[in-house]
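The values are calculated or read from the model by the stated rules, or taken from the named source; none is laboratory data. None of these values were measured; they are calculated from a predicted model. Reconstructed Cβ throughout: ideal geometry from the backbone, glycine too, with neighbour counts over all protein chains shown.
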Amino acid sequence: MRKIKLIIVEDDKNWVMAMKLFMELETDFEIAAIAENYQEAVQVGITKDADIILMDINLSGNYLDGIYATAEILCHRDIKIIMLTSINDKHIIENAYIAGAVNYVMKNNYKEIPALIRNIANNITPNEILAKDYMRLRVNELLSSLTHQEKEIFKLFNAGNNKKEIQKIMFISEYTLKNHIHSIIRKLNVKTIHEAVEKVKRKGFVRSF
């Protein structure tokens, strides 16, 4: 059985050591090279025979070095790159996707890495997953822009209450409710409050405020 050859790019030596020990438990993986910084990442990423690169985003204290290295490597060869990050941030996902990474994983979810590697090696995990995660974070960001009262109103609409019922529950006038609804649909970039609720439900992006 052909092993999946990996390159690990990470400047935290303790994390690398732990990951090597963890990966050695998987009989179908082989670590082809390890890099600690941008320059090493580009060099081994371009020259080493490998299938997948595990690329830390933050190398040597530079927040985007992993992103830049990813883009540079993919300019020279076709290889699949998984981004490693400690921060779940929509901008990281967006930049990783633009640079050409096929997916990303939180470092504290390291137990997910073997399955993710196998899926990507077998072309099971498409780039669309990154886009979906980006959109989920984007919608959550928009929901976070709502005021406390707007969030309460949105939750009541989401629970199936109509305008009259919401007025009674919130002890507000029809005029006040209309103003809040107008603000909600503007912030969520939709035409009606019902469109906002359906969009969020359909995409599975509802979260706890």
Counted residues, region 115-156 - those being modelled with pLDDT of 75 or more and either over 12 Å from N103 (Cβ atoms) or out of contact with any Ser or Thr (no Cβ under 9 Å at 6 or more places or on another chain) (or both): 22
Every pair of residues 6+ apart whose Cβ atoms lie under 7 Å, when the first sits in region 85-105 and is under 14 Å from E141 (Cβ atoms) and touching a residue at least 40 places away in the same chain (Cβ under 8 Å) while the second is charged (D, E, K, R) and not in a loop (DSSP other than H, G, I, E, B): K90/R138; K90/E141; I93/D133
Residue match in region 160-182 (condition: surrounded by fewer than 16 Cβ atoms within 10 Å (Cβ to Cβ), at pLDDT below 80 and farther than 29 Å from V16 by Cα): no
